[in-house]
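Encoded as structure tokens, the structure appears first; notes follow it.
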Amino acid sequence: MQRMEGLVERNITKWMNKLDTDFVEPKKPLDFAVWGTFLSYDTITDVGFRTPLGFVDTGTDVDNLIRIFQAGMRLLGAVGRVYTIFDVLTHPRLKRYFQVSPEQNIWFGGVMKRARQVLADRTKALEEGRVVKPEKGNDDYDFLQAFMDTRTPEGHVLDAETIQSEIFVILGAGSDGFGSSSSALFAEILSRPTTYTRVVEELRTAVQSSQITHPIPTYTEVAKSLPFFCACIREAMRLHPLASTLLPRVLTPLDPEIVINGRRIPTGIELAANPWISHRDKAVYGPDAEEFKPERWLADPTKAKELEKYNLIWGTGSRVCLGKHFAMMMLYKAPVALLMAYDVRLCRETPQTPKPWSRMNGPARLWHDVWINLTKREPWVGGREEQTKDTEGMGNDAAAAAVEST
Ligand code: HEM
């Protein structure tokens, strides 16, 4: 995780420089829902295979990857929920039209094509000696090299299709989450002046007492020094979970017995919970379950633990999100860096800058029109500078533990 932190910072810095030149200096509003997603895609592709795809540099949806991916997610939403559609699309006669392949330009095909290119580029660069093979444990060892180094139980390398699918998972699973969750955060805190002021004051105090590195905080610093900000993230993700959809599981004989309303559920049955609904359960969160109240996470640590138990932000059990710690790192670092550098305001509602809204895109909730204005802040005196950054001697496990409760 700590090795990834440097890469995350490199991408946040580039992103903020771009926001400076394209929006802050010319005093133009920007849609955070779009620019948060650009940051996310570039960072994930940098961490995944050292090739940021250039969403931030170009300020565009490179090769329409985001559009294609999101269109694929809509189909996936239907296929994953209505099993009859799945049966039809996977029928031997129709399968070839719908199977995801790099040859298609629709659905996920365009993303698969990019995955194939990423693998081909790395293989060629290694063969031609243009890059030195990254070694495990070194800073440049990325997910792609890990996939290329993986061996089957029989000792064979993974075939190209399997590696492409793994790259596809990184491109797909990892990309919309940060954009969606950080948009929810900004939509909630910026529409509540008291909450925004409290977030900024907490941050200012932490900077002035040198608890937070300037201009980009470490993951651990945010977890330790900004409890109210962290509670805002938790609360925004509670009310607007990325996967506001059913998360199905088939009950196996190995699972513990499940009894619902006095009825024992037999094995082989599919069970599912929807985070959107369970996160609004008044029996768990109280009569104000529908309201944005970050304070609920701070009042009593025992109660907060109890709420956590029922939280499905990252899913649960064996299918829990594998990118959770990386995503949390992004969510802790990028919004705080933005709030430290700028006064962030939601734009007045106009036809050009409508108010934020979200809707389901297949299984994922996506945000739109999170229009904000950024104004440069005078630096807060007392901040600790980048070069004196200190992770308090916390290793990966401790850093992860600091956010485990999030
Ligand atoms: C704020 C960001 C994110 C949120 C809210 C989120 C949420 C989720 C949720 C709810 C699931 C389903 C879990 C279940 O079925 O119980 C999931 C699965 C997954 N996520 Fe994330 N995710 C985020 C970011 C990421 C990132 C950045 C990556 C990778 C770099 C990632 C990789 C995955 C993978 C591989 C799975 C499938 C796990 C499995 O089925 O074994 N996610 N995520």
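The table below lists the values:
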| quantity | calculated |
| --- | --- |
| Among the residues listed as 236, 206, the single one being of a type in the set (Gly, Ala, Ser), in a helix (DSSP H, G or I), within 16 Å of the ligand (Cβ to nearest atom) and modelled with pLDDT of 95 or more | 236 |
| Among (1) in contact with a His (Cβ under 7 Å, 6 or more places away or on another chain); (2) in a helix (DSSP H, G or I); (3) not aromatic (Phe, Trp, Tyr), the one test that residue 222 misses | (1) |
| Some residue of segment 318-329 being hydroxyl-bearing (Ser, Thr, Tyr) and within 16 Å of the ligand (Cβ to nearest atom) | yes |
| Qualifying residue in segment 294-316 (condition: within 16 Å of the ligand (Cβ to nearest atom), in contact with a helix residue (DSSP H, G or I) (Cβ under 6 Å, 6 or more places away or on another chain) and either more than 23 Å from residue 188 (Cα to Cα) or of a type in the set (Phe, Trp, Tyr) (or both)) | yes |
| Residues of segment 116-133 classified as modelled with pLDDT under 90 and touching a Lys or Arg at 6+ places or on another chain (Cβ under 8 Å), total | 1 |
| Wholly within segment 275-389, strands (runs of 3 or more DSSP E) carrying at least 2 residues that are on the phi < 0 side of the Ramachandran plot and loosely packed, with under 14 Cβ neighbours inside 10 Å | 357-361, 371-376 |
| Answer from 24, 34 - the residue that is among the hydrophobic types (A, V, I, L, M, F, W, C) and touching a Lys or Arg at 6+ places or on another chain (Cβ under 9 Å) | 24 |
| Contacts under 7 angstrom Cβ, first residue in segment 317-328 being modelled with pLDDT of 85 or more, partner more than 7 Å from the ligand (Cβ to nearest atom) and not aliphatic (A, V, I, L, M), 6 or more apart | 328/406 |
| Residues of segment 146-173 satisfying the condition of being closer than 16 Å to residue 124 by Cβ, surrounded by 15 or more Cβ atoms within 10 Å (Cβ to Cβ) and in contact (Cβ under 8 Å) with a residue 40 or more places away in the chain | 163, 164, 167 |
| 2 or more residues within 16 Å of the ligand (Cβ to nearest atom) and not hydrophobic (A, V, I, L, M, F, W, C): qualifying helices (runs of 4 or more DSSP H) within segment 1-100 | 2-19, 32-49, 65-81 |
| Count of residues meeting criterion [surrounded by 15 or more Cβ atoms within 10 Å (Cβ to Cβ), at pLDDT below 95 and within 11 Å of the ligand (Cβ to nearest atom)] in segment 239-272 | 6 |
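Matching residues to (1) at pLDDT 90 or above; (2) within 16 Å of the chain's Cα centre (by Cα):
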site: 148; (1), (2): yes, no
site: 154; (1), (2): yes, no
site: 159; (1), (2): yes, no
site: 166; (1), (2): no, no
site: 169; (1), (2): no, yes
site: 173; (1), (2): no, yes
site: 179; (1), (2): yes, yes
site: 182; (1), (2): yes, yes
site: 191; (1), (2): yes, no
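The values are calculated or read from the model by the stated rules, or taken from the named source; none is laboratory data. Keep in mind that what you see is a predicted model, and the values were worked out from it rather than measured. Please note: Cβ atoms are built from the backbone with ideal geometry, for glycine as well, and neighbour counts cover all protein chains shown.
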